[in-house]
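Participant: I'd like to ask some things about the structure below.
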Ligand SMILES: Cc1cc2nc3c(=O)[nH]c(=O)nc-3n(C[C@H](O)[C@H](O)[C@H](O)COP(=O)(O)OP(=O)(O)OC[C@H]3O[C@@H](n4cnc5c(N)ncnc54)[C@H](O)[C@@H]3O)c2cc1C
């Protein structure tokens, strides 16, 4: 075990922080009001190779391992205050990882370069109106007809969905087998006849993230656009969740670190009853808890990322990461608002936005309840 980062990793972190502070200082509240996506910021992040971090250089990637990628994403979540943009970029990377792990050479050559360059926006579609936590109970059909697959169904709450150029879609190809080889995974391009991207939903937080419903009505997909083999969908889903539940928490932990620093500064500067508020135990203990959560979160993240770098299973570790870090972030945001008093409640302070954004982290990529179920199963309950 080595808890030291290399010089390259340290420089990467500093570069991402400097870049985010300088180039991503746009008015998030204006975008929130308009519900618009910050395209210029997306392009700048692409130029910074943020979407290319873990991919092989021959496809336009940076070739970093997952530990380095997680380190970089944590820096991005720390320095970029627009959690909607961070989530959009993480989604793009996650789609690339699915492509990289399960795509044919031809799919990789076609899609990985445009994922890395940000030229095409990707989304992944699993959730349906009738199935979220019970994801593999999906009803979207991928029926084989005349040598092609015909997709019919509706996906919901899909991040990047309304603006996606291509979507990785999970569908039932064999209703008899379902999770035992009956689900498959397809790449659907936006031009495909019968494919409709609906308007983005209005949300509680992550306002710049475009999240919406996707409809597939008789979409014909050639077999070459299948990710992995027919029936491999549940395996792709389970593997992807391990990567996803490591990468997304990395961004959340970065945000938690920023909130911790904001609270420390405020607790030092703000006085009440002739003392710094940080000298009141009720304030300092809240901040001490944030520090504990940050440090423990890091340990769990590095472990999960290390396991994936070693091509090992990390189902339990990734679930612990997802549960612990998302719940810690939500609590830290609540405490941060309280520590900032009346100002914490004002939009100008920006902590209320972090709080609204943080709630989603306990829902997407498997709710906290589902993570606890997984952890419970691992300990034999
Ligand atoms: C911001 C955001 C972005 C998202 N992005 C994507 C995306 O890009 N792609 C995608 O496919 N999906 C996406 N989702 C969907 C997300 O993955 C689902 O919302 C989530 O898995 C929960 O499913 P559900 O909404 O159907 O809730 P339900 O499954 O209906 O759950 C409702 C409640 O019941 C609880 N529950 C359900 N089953 C159990 C159980 N067995 N034990 C204990 N409690 C249980 C849940 O924890 C929850 O509290 C996104 C969601 C959000 C909010």
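Participant: Considering the alpha-carbon set of region 123-232 alone, what are its Rg and its Dmax in angstrom?
Facilitator: Reported Rg and Dmax, both Å: 13.4, 44.
Participant: In addition: For region 242-319 and region 214-230, compute the distance between their C-alpha centroids and round to whole Å.
Facilitator: One Cα centre to the other: 40 Å.
Participant: Build a GNM of the chain with springs between Cα atoms under 10 Å: which of 160, 238, 146 gets the top mean-square fluctuation?
Facilitator: Among 160, 238, 146, the largest GNM mean-square fluctuation belongs to 146.
Participant: Mind checking the angle between helix 105-116 and the chain's longest principal axis? C-alpha axes, 0 to 90 degrees, to the nearest 10.
Facilitator: It is inclined by approximately 30 degrees.
Participant: Per 0.36 nm of contour for each residue apart, how much would the distance between residue 202 and residue 65 grow if the chain were fully extended, relative to their Cα-Cα spacing?
Facilitator: On the way: separation 137, 0.36 × 137 = 49.32 nm, distance 3.56 nm.
Net length gain for the segment: 45.8 nm.
Participant: Which value results for Rg/Rh of region 55-158 when Rg is the Cα radius of gyration and Rh the Kirkwood radius based on the inverse mean 1/r?
Facilitator: On the way: Rg = 16.2 Å, Rh = 15.8 Å.
Expressed as Rg/Rh, it is 1.03.
Participant: Using only DSSP helix segments of four residues or longer, with each worth -39500 (n - 2.57), what per-residue ellipticity at 222 nm results for the chain after dividing by its residue count and rounding to 500?
Facilitator: On the way: 12 runs with 197 residues, N = 381.
The helix contribution divided over the chain gives -17000 deg cm²/dmol.
Participant: While we're on this one: Please work out, to two decimal places, the log10 of the ratio I(q)/I(0) at q = 0.17 Å⁻¹ from a Debye calculation in which every Cα of region 234-378 carries one identical scatterer.
Facilitator: -0.88
Participant: For region 7-121, how big is the tail of P(r) above 20 Å, as a whole percent of Cα pairs? Spell out each step's value before the answer.
Facilitator: Values: 2589 of 6555 pairs.
When every Cα pair of region 7-121 is considered, 39 percent fall beyond 20 Å.
Participant: Sort 15, 262 by Cβ crowding within 10 Å, fewest neighbours at the top.
Facilitator: On the way: 15 13, 262 18.
In increasing order of surrounding Cβ atoms, one gets 15, 262.
Participant: Quick one: grab Rg to one decimal and Dmax as a whole number for the chain, Cα atoms only, in Å.
Facilitator: Cα radius of gyration and Dmax of the chain are 20.9, 80 Å respectively.
Participant: Here is a follow-up. For the chain, find the longest principal axis of its Cα atoms and tell me its angle to the long axis of helix 281-309, 0 to 90°, nearest 10.
Facilitator: It works out to around 30 degrees.
Participant: Report, in degrees rounded to the nearest 10, the 0 to 90 angle that the Cα long axis of helix 315-339 makes with the longest principal axis of the chain.
Facilitator: So the helix axis and the longest Cα principal axis differ by about 40 degrees.
Participant: Here is a follow-up. Considering the zone a paramagnetic label at residue 312 would reach in this model (a point 7 Å from Cα along the Cα-to-Cβ line), which residues of region 84-102 have amide N under 13 Å from it?
Facilitator: So the set is empty, nothing qualifies.
Only the coordinates and a few stated rules stand behind these numbers; no lab work does. Note that this is a predicted model, so its numbers are computed, not measured. Backbone-built Cβ (ideal geometry, glycine too); neighbour counts: all protein chains shown.
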